[in-house]
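What follows is a single structure, written as structure tokens, with notes after it.
Coordinate-derived values only; no laboratory data. Being a predicted model, the structure only gives us computed values, none of them experimental. Here the Cβ positions follow ideal geometry from the backbone for every residue, glycine too, while neighbour counts run over all protein chains shown.
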Amino acid sequence: MLKLNLDNANLDLSAYADQLPQYRDQLLNRSQGWLDLPETAPTSQILTYAESVKGQFEHLVVLGIGGSALGVNALFKALKHYYWNNLSSDQRQGYPQLHVLDNIDPAVINDIQDVIDPAKTLFIVITKSGSTPETISQYLYFRKLAPKENFVFITDPKKGLLRQIATEQGIPTFDIPENVGGRFSVLTPVGLLPAALLGIDITNLLKGAGEIRDNFLSQEFATNPAYQLAALQYELNTKHNININVLMPYSSPLFTIADWYRQLLAESIGKDGVGITPINALGVTDQHSQIQLYNEGPKDKLIMLIKTLKNSETDNQHVINAEGLPDFAYLNGVTFKKLLDTELTATTQALTKYKTANIQIQIPEISPHTIGQLFMLFELATGLLGELFQIDAFNQPGVELGKVLTKEKLGG
Ligand code: PA5
């Protein structure tokens, strides 16, 4: 089970302990379907489909944006080889390469065509609303390049243009439950289908998520990381003007989890004049980019460090050889894992000395199980933050105007 260590935040959160049942009930009263996904996700349907197309495609291309792209990317980078798309087909054991467009940049639309053969590509079109212009445009473009057998859709069970096209053309389609919004959809077919197509163990992903959800439902404050995290973020924001939260994993594969979380926190909580600005950072890399600001800049940030007890199966194998270099003798015989962990400890101590609020989320290893736990932890904490701020974490009215104006300008 993941662990949350709030010691370095040095705050008394005891006042929140008694309020836990109230906020828990408020969140549950919103009938959010993502809470039930560990049981309700259509795992067998997904695995059956994945098995039926296994070996048929060299590439998967995800056409989607925002919550319909970020979770897929997070799963992919966290759980597959870091250079997956550069591996040979044999090294990938026949599983396809994955490309997530997540934009309509013409350079990307152009360049993707240099690396895929549309005839050997499965296009996974993902849009909850079924009508997001960026995704629909991507689909309308790529459907000219490949037969309809090379498409699978993931969308709302009833609404939207994509659902309509699916019905008209008989394209295989997976549902995103009506009561699950885009940025909370990673554990629906949105994340699960691409993951299964890449051979990721989605059963354990859901199991990990279910454990954190069960913990949230049954545990008191002292043993309830989701509620503790939300209480801390809220307390720091409302009483200490800490309006920036940095998620900083000490693991390159987890960096895209921070990217996914950036959308979750920003779009869920940034409304009605309140909000917390999320920043994604990477340890150790951003020690050489961001830490100067975090240590000596304004005291407006909470740094949420993620530590993995095991970064890889080969943690003990890669040893630095600094023989003959007296100035670097301290590195001689040290593994990269030891260096990474030592830098994390040192950075934590420095942040604390500079009185920069920091906490640590610890996971034993990077696996479907722990990634499921992380997704659910952040979703729950974000949902609870909405209740604490007394806002609806599940809408995004502030993105509408830009959409309306774009349509108008194009004569729509
Ligand atoms: O969280 C949300 O609802 C949004 O950010 C969506 O993920 C994003 O706008 C894409 O929407 P859709 O999945 O409807 O295409």
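Decide, for the stretch 112-151, between rounded, prolate and oblate: order the square roots of the alpha carbon gyration tensor eigenvalues as a ≥ b ≥ c, take rounded if a/c falls under 1.5, and otherwise choose prolate if a/b is larger than b/c, else oblate. Prolate.
Among the lysines of the stretch 33-200, pairs that are 8 or more positions apart or on different chains and have alpha carbons within less than 25 Å of each other number 17. Here the chain carries DSSP beta bridges of which approximately 15% are antiparallel, counting only pairs with both residues inside. Couplings 3J(HN,Hα) of the stretch 314-325, computed from phi: 9, 3, 8, 8, 9, 10, 7, 10, 10, 4, x, 10 Hz, in residue order, whole Hz [Karplus 6.51 cos²θ - 1.76 cosθ + 1.60, θ = phi - 60°; x for Gly and Pro]. Summarising the amide proton neighbourhood of V100: residues at separation of 5 or more, or on other chains, whose placed amide H is nearer than 5 Å comprise V62. Applying the criteria of a DSSP loop state and at most 15 other Cβ atoms within 10 Å to the GluC sites (Glu not before Pro) of the stretch 257-363 yields E313, E323. Between amide H atoms placed 1.01 Å from N, distances below 5 Å from T277 occur with I244, N245, all of them 5 or more places distant or on a separate chain. Counting charges near A195 (Lys, Arg +1; Asp, Glu -1) among other residues having Cβ under 15 Å from its Cβ returns a value of +3.
If you take the alpha carbon atoms of the stretch 33-200 and fit the smallest convex hull around them, that volume is 105 Å³ per residue.
For N358, the residues whose modelled amide H falls within less than 5 Å of its own, excluding neighbours fewer than 5 places apart on the same chain, are A9, I303. Pairs of Cα atoms nearer than 8 Å and 6+ residues apart set the relative contact order; for the chain it is 22 percent. Taking square-rooted eigenvalues a ≥ b ≥ c of the alpha carbon gyration tensor, is the chain rounded, prolate or oblate, where a/c under 1.5 means rounded and, failing that, a/b exceeding b/c means prolate? Judged from the Cα gyration tensor, the chain comes out oblate (a/c at least 1.5, b/c at or above a/b).
About its Cα centre, the dipole of the chain is roughly 460 debye, where the only charges are +1 on Lys and Arg Cβ and -1 on Asp and Glu Cβ.
Screening the chain for whole DSSP H helices of 18 Å or more along their axis (Cα) with average Kyte-Doolittle hydropathy at least -1.0 returns 202-218, 225-240, 255-269, 336-353, 368-389.
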